[in-house]
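First comes the structure, then the notes that go with it.
Bear in mind these aren't lab numbers, they're just calculated from the coordinates by the rules spelled out. Values in this document were obtained by computation on a predicted structure and should not be read as measured data. Every residue, glycine as well, gets a Cβ built from its backbone with ideal geometry; the counts of neighbours run over all protein chains shown.
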Amino acid sequence: MKTVLSLSFASMAAAMGIITPAFAEGAAADGGFASLIPLLLIMVIFYFLLIRPQQKKLKEHRGMVDSLSKGDKVMTGGGIYGKITAVNEDILKVEIAEGVVIKVKRDTVAGLTDTAPAKAAKPADKAAAKD
């Protein structure tokens, strides 16, 4: 005997007299593959609109990170601009100002730039600027 919770919508509708029992049985038999089509369509759309572009972007970033070399001007994920002074397997030394070198993980480089690190003002330039 079926409980109230295990009744399908078609069975409940047939019991209430909205539709005939013969139609209710036919609807339950046809709902197998046809009900999966919208779900499969949504999955295909998600793949082409979200997953595939993200994988392509990740592949391009990985190629850029693997090709980093000494002298490249980069921007880190934190927004720090600098010039690579040394390259190890997983660590880069980046000069962000004259005489200021930081270590960053290779994966944190967001991209290559054309901007050089800022030059420190010389004391003579500071005196001229005050006048």
Residues whose placed amide H lies under 5 Å from that of D72, excluding near-sequence neighbours: I84
Potential lengthening between L39 and L112 on full extension [0.36 nm per residue; Cα-Cα distance subtracted]: 22.2 nm
Proximal charge balance of V101 [Cβ under 14 Å; K/R count +1, D/E count -1]: +2
